[in-house]
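**Student:** Pasting a structure below so you can have a look.
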Amino acid sequence: MKQIRILNPFAGHGDAIGLDKNNEKVTSYITKGIGDAERYVYELCLAEPKTHFVVCGGDGTLNEVVNGIMRANAGENAMFSVIPTGSGNDFAKHNLENRKSHMIDLITVNGRYALNMINIGFDCDVVVKTDSFKKRHEGSVAYILGLINTLFSKMGKNFSVKITLEDGKTEEYNKELLLCAVANGCYCGGGFKAAPLAKLDDGILDVLIVEKISRLKFISLVGDYRKGTFFDGNGIMKKKFEGILNYKKCTSFEISGITEYCQDGEIVKADSLRIGVKPKCIKFFA
């Protein structure tokens with residue numbers, strides 16, 4: 001299988017560029033800017049669908065590669081791996097059996113795909129703030145600084161949310177909420193385990209909805225939120241989170257009343273979202 005390394009020199013601290021130095025046996029492509037990885041992968045998959053892409057970048061680069069593969073209808077033929085050189089590297093934190101290919105799910109969102117997680121509200125605001133700290137700090141440190149900065153801004157926004165559960169029943173929320181996260185993977189923000197029960201290949205979306213709470217209450221709970229320990233060992237939510245966190249297994253999610261959202265760590269403008277899941281549609285080599 002032909003192997004190509006996708007190097008994003010803009011991810012993280014630019015560490016991707018040094019990976020193939022003086023290695024003539026490795027074919028590499030250095031991305032030139034936003035959208036270039038997707039364009040390159042799409043065009044190559046049309047010509048050679050059985051290609052193994054080794055992504056040297058962060059979650060945003062992975063998102064582009066995945067969208068390029070799927071646009072070319074090459075999900076069952078092409079394959080991707082990751083050498084994490086970004087700021088957050090949240091997808092790379094998942095423990096899958098090494099030296100093996102896995103067919104995994106993708107999130108569908110407004111006609112595109114997300115690999116790991118969609119964040120709306122507080123978490124999205126944190127990403128916007130985090131960007132200003134990334135040049136001086138590592139991913140998790142930048143995220144914590146962005147989190148602290150966001151805490152001193154207005155907390156809570158009015159959203160209209162509709163979710164479809166596994167059994168086909170629907171639930172609606174029309175109220176002020178702190179945040180929503182729609183997950184395929186577990187992690188966001190450089191290691192915050194926002195969706196601890198999520199699996200990459202179960203054909204289900206994990207949705208976390210957090211009620212508006214005070215800053216002091218948030219600070220008292222954020223440690224468990226970071227570690228994903230708001231469930232006990234049996235997958236039951238701890239009492240101190242009842243009435244604050246709503247965690248659902250869903251097949252679809254709709255929201256309006258937004259101005260932007262975070263898709264695999266990148267900010268995207270939108271006023272509404274229609275989100276679903278495409279089960280086991282792309283090949284990941286761990």
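The values are calculated or read from the model by the stated rules, or taken from the named source; none is laboratory data. Small disclaimer: the values here were computed from a predicted structure and weren't measured. Glycine also receives a Cβ, built like all others from the backbone with ideal geometry; neighbour counts cover every protein chain displayed. Accessible surface areas use protein heavy atoms only, side chains included; no ligands, DNA or RNA. Shrake-Rupley method; radii C 1.70, N 1.55, O 1.52, S 1.80 Å.
**Student:** Using only the alpha-carbon atoms, how far is helix 59-71 inclined from the longest principal axis of the chain? Give it as 0 to 90 degrees, nearest 10.
**Tutor:** The angle comes out near 70 degrees.
**Student:** Next question. Mind putting a number on the dipole of the chain about its Cα centre? Charges go on the C-beta only, +1 for Lys and Arg and -1 for Asp and Glu, and I need it in Debye to the nearest 20.
**Tutor:** Dipole of the chain, to the nearest 20 debye: 440 debye.
**Student:** Still on this structure, please answer the following. Tell me the mean residue ellipticity at 222 nm calculated for the chain from its helices only (DSSP H runs of n ≥ 4, each -39500 (n - 2.57), averaged over every residue, nearest 500).
**Tutor:** The per-residue figure over the chain is -6500 deg cm²/dmol.
**Student:** For region 146-153, what does the Karplus curve 6.51 cos²θ - 1.76 cosθ + 1.60, with θ = phi - 60°, yield as ³J(HN,Hα) per residue in whole Hz, taken in order and with x for Gly and Pro?
**Tutor:** x, 4, 4, 4, 5, 4, 8, 9
**Student:** The chain: Rg/Rh from Cα coordinates, Kirkwood Rh?
**Tutor:** Reported Rg/Rh, Kirkwood definition of Rh: 0.97.
**Student:** Which pairs in the list Lys25/Lys93; Lys238/Lys283; Lys175/Lys248; Lys93/Lys169; Lys175/Lys227 are over 24 Å apart, alpha-carbon to alpha-carbon?
**Tutor:** Check vs 24 Å cut-off fails for Lys25/Lys93; Lys238/Lys283; Lys93/Lys169; Lys175/Lys227.
**Student:** Additional query: Post the alpha-carbon centroid distance, region 1-69 to region 232-265, in whole angstrom.
**Tutor:** Using only Cα atoms to place each centre, the spacing works out to 32 Å.
**Student:** Taking the Cα atoms of region 164-218, what is the range of coordinates along each of the three principal axes, in descending order and whole Å?
**Tutor:** So the extents along the principal axes, rounded to whole Å, are 36, 30, 12.
**Student:** I would also like to ask the following. On a 0 to 90 degree scale, rounded to 10, what angle separates helix 36-47 from the longest Cα axis of the chain?
**Tutor:** 50 degrees
**Student:** For region 1-133, what class follows from the C-alpha gyration tensor (a ≥ b ≥ c being the square roots of its eigenvalues): rounded when a/c is under 1.5, otherwise prolate if a/b is larger than b/c, else oblate?
**Tutor:** Oblate, since a/c reaches 1.5 and b/c is not below a/b.
**Student:** Excluding ligands, DNA and RNA, what is the solvent-accessible area per residue of the chain at a probe of 1.4 Å, expressed in Å²?
**Tutor:** 46 Å²
**Student:** Now for a different question. What length, rounded to one decimal in nm, is gained on full extension from Lys227 through to Asn73, with 0.36 nm per residue of separation minus their alpha-carbon distance?
**Tutor:** Full-extension gain reported as 51.8 nm.
**Student:** List residues of region 255-286, by number, whose backbone nitrogen lies under 18 Å from a label position 7 Å along Cα→C-beta of Thr170.
**Tutor:** 255-257, 272-277
**Student:** Going by amide H atoms built from the backbone, whose H comes under 5 Å of the H on Val82, apart from near neighbours?
**Tutor:** Correct list: Val55.
**Student:** For region 62-190, compute Rh as the Kirkwood radius over C-alpha pairs and then the Stokes-Einstein diffusion coefficient at 25 °C and 0.890 mPa s; write the answer in µm²/s, rounded to an integer.
**Tutor:** 146 µm²/s
**Student:** Project the alpha carbons of region 213-286 onto their principal axes and report the range along each, largest first, in whole Å.
**Tutor:** In descending order, the Cα extents are 36, 33, 22 Å.
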